[in-house]
Amino acid sequence: MLEQFRDIMIIITAFILIGAALLFSIMMLLIFHKVSSTLNSVRGFAHDIRSVSSLVSGRFAKPLTGGAIFAAGMRKAISGISKRSQRKEKGHGKRK
């Protein structure tokens, strides 16, 4: 009698485990479906942000950088010229 009870419990446990595995698989598929659609939306959003940033970089950042480089070069050239002229003025004062 105890052996029959054990066999029935093994069969019931097997059915419960199979049902739990099926339920878990179905839940995982549903979660994957929801997460994958969300990830696709995030990928699209990231692509849009990348497009906007490259547009801003191409239209504004590069010209501003070029202008800043030009201004720094002009500043350096002016300071070099002013230093040279100051040396000449100091040199003329000593010769007199």
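When the chain is treated as a GNM with alpha-carbon contacts under 10 Å, the residue of Thr65, Thr13, Thr38 showing the greatest mean-square fluctuation is Thr13. Projecting the Cα atoms of Ile26, Thr38, Phe70 onto the dipole axis of the chain, where Lys and Arg carry +1 and Asp and Glu carry -1 at the beta carbon, places Phe70 farthest toward the positive end.
About the Cα centre of the stretch 4-91, what is the dipole size in debye to 20, counting +1 per Lys and Arg Cβ and -1 per Asp and Glu Cβ, all else neutral? Please list the in-between numbers first.
Working: 13 positive and 3 negative charges, 290 e Å.
Taking the Cα centre of the stretch 4-91 as origin, the dipole is about 1400 debye.
What the phi angles of the stretch 31-38 give under the Karplus curve with 6.51, -1.76 and 1.60, with θ = phi - 60°, is a coupling list of 5, 4, 4, 5, 5, 5, 5, 5 Hz, glycine and proline written as x. Using just the C-alpha positions of the chain as equal point scatterers, what log10 of I(q)/I(0) does the Debye formula give at each q in 0.17 1/Å? Cα-only, vacuum Debye calculation for the chain: -0.93. Between Ser57 and Ala72, the modelled label-to-label distance comes to 1.9 nm, taking each label 7 Å out from Cα in the direction of the beta carbon.
With a Förster radius of 41 Å applied to the beta-carbon distance between Ser25 and Arg50, the computed FRET efficiency rounds to 0.70.
Each reported figure results from applying straightforward, stated rules to the coordinates on display, with no laboratory input. None of the values given here were measured: they were computed from a predicted structure. As a convention, Cβ positions derive from the backbone with ideal geometry for all residues, glycine included, and neighbour counts pool all protein chains shown.
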